[in-house]
Every structure is written in C-alpha cells, then in structure tokens.
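No lab work stands behind these numbers, since they all come straight from the coordinates. Just so you know, these numbers come straight off a predicted model, no measurement behind them. Virtual Cβ from ideal backbone geometry, glycine too; neighbours counted across all protein chains shown.
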Amino acid sequence: MQIKQPIGCLVMPWQADVTAVVLAGGKSTRMGQDKAQLPWQGVTLLECAAHDLLESGCTVVRTSGPQDIMDIRSGLGPLGGVYSSLEALPKAAWILFWPVDVPVEPQAVHALLEGRKAGKVAVHFQHWPLPLLVANIPALRQELAVFLETNKPVVGGWLQKLLCEVVPKPIALKNLNTPEEYARAVVSA
C-alpha cells in the first residue's frame, strides 16, 4: 500500500475535497469602494484570495457576488451569499466561505480544514463567524432557507443552531472593513 500523504494528514471519510467561495457581493459601504477590487500584493483582493485559497488546499474557488454566483434573494448580507452558494453548488461536499476583506492566511485555512469532525456540519473561528467551512448537505440547506425566512440574516445567529466545531483564531487573521484598516494592512503586508 502506497500512502500519498503524510500519516498526520490522512483524509477521513467526511473530509472530502473543499470548494472555496469568496464572499464578494457586499456593498462595501464602510470602505467607500468595492473591496474586491482593492489592490493587494500586486493584484486585487479578490484575485489574491482566489489564488491563496487554491494554494492553501481548496480544489475549486468560486465567487459569491456579481462576478459569479448571484444572490437568490438580495439584501441578506453574507448569509445570503452563503445560502446562494450552497444552492448553486449542491455537489460540493464542503464549502469554505471566505470574505474578500479578510486576506487569506494559509495557517487559518488549514486550521479550518483540520477542524472538520464527524457529526459536525460547520467549522469556524472562536468569536469569528466568517471565514466558515460548511458541509453542504441538503438538510443544512433546508435549515438555512427556513432560518432566513424567520430570523435576522446574521451568520452568527445561524451558527448557534448548528453542530459546529469552533477552533482558535490565528493571530495573523485581519479584517479590512474601513480605509484605515486597509491602509494599516497595506503598510504591514
């Protein structure tokens, strides 16, 4: 028998390939311009996220927003992008949702991928509902549709209803919501 991966990295049955979806459909109100198109390391934030997610182990990268997967229902924020992507990609076993305004850190991607556990349908960082890794199963999609009909569309509120694995957030992870946060990140990158 030939092992193609190191022993510590063997993929368990519930650890199928991961499709990444960059959440880039927001209005970017606090930033004042489209965050997906901001320059980052010689390309746009969106291009950098797609590249870095592939380099970090995701097998496919798609975008939730006007570039690719359009929202089924508008005005639901990131959770609308999550819902629309789950519906658009029913054959993707696991989907990693990554906000375009959070520069990808390979350590963070690996922490989420390694956080998958049998019986858990989602993995996220403590006190951070996004980025989020979700098992794309019909019951979860149906639960989210019902949640969106009866609750405020907040990712954290939905996660409270799921069996989630919560992992520690890597220190390097940062969010670029405002021009000031973006400027600080550009200087330190």
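Pairs of lysine residues in the range 15-188 that meet both criteria, 8 or more places apart or on different chains and Cα atoms under 24 Å apart, total 15.
Ordering Cys58, Cys48 by the number of other Cβ atoms within 10 Å of each residue's own Cβ, fewest first, gives Cys48, Cys58.
To the nearest 500 deg cm²/dmol, what mean residue ellipticity at 222 nm is calculated for the chain from DSSP H runs of n ≥ 4 alone, each contributing -39,500 (n - 2.57), summed and divided by the residues? Could you put the intermediate results ahead of the total?
Numbers: 6 runs with 60 residues, N = 189.
Counting only the DSSP helices, I get -9500 deg cm²/dmol.
Shape of the range 107-171 from its Cα gyration tensor (a ≥ b ≥ c, root eigenvalues): rounded if a/c is under 1.5, otherwise prolate when a/b > b/c, or oblate? Walk me through the numbers on the way to the answer.
Details: a/c = 2.63, a/b = 1.57, b/c = 1.68.
Here the range 107-171 falls in the oblate category.
The antiparallel fraction among DSSP beta bridges confined to the range 15-188 stands at about 40%. Springs between Cα atoms under 10 Å define the GNM used for the chain, and in it the highest mean-square fluctuation of Gln41, Gln107, Gln126 occurs at Gln41. Relative to one another, the C-alpha centroids of the range 131-189 and the range 93-112 are positioned 10 Å apart. The residue list Leu173, Trp158, Val21 was ranked by how far each Cα lies along the charge dipole of the range 15-188 toward its positive end, using unit charges on Cβ atoms, and Trp158 comes out on top. Qualifying trypsin sites (Lys or Arg not before Pro) in the range 106-138, where qualification requires a DSSP coil assignment and no more than 13 other C-beta atoms within 10 Å, are lacking entirely. Percent of Cα pairs in the range 76-189 per distance bin of 5 Å, from zero to the largest separation: 2, 11, 22, 22, 20, 12, 7, 3, 1. Using a Gaussian network model of the chain in which every pair of alpha carbons under 10 angstrom is joined by a spring, one finds that among Thr150, Thr19, Thr44 the greatest mean-square fluctuation is at Thr150.
Computed about the Cα centre, the dipole magnitude for the range 15-188 is approximately 420 debye when only Lys and Arg (+1) and Asp and Glu (-1) carry charge, each at its Cβ. Ranked by how many other Cβ atoms sit within 10 Å of their own Cβ, fewest first, the residues Ser188, Ser74, Ser28 fall in the order Ser188, Ser74, Ser28.
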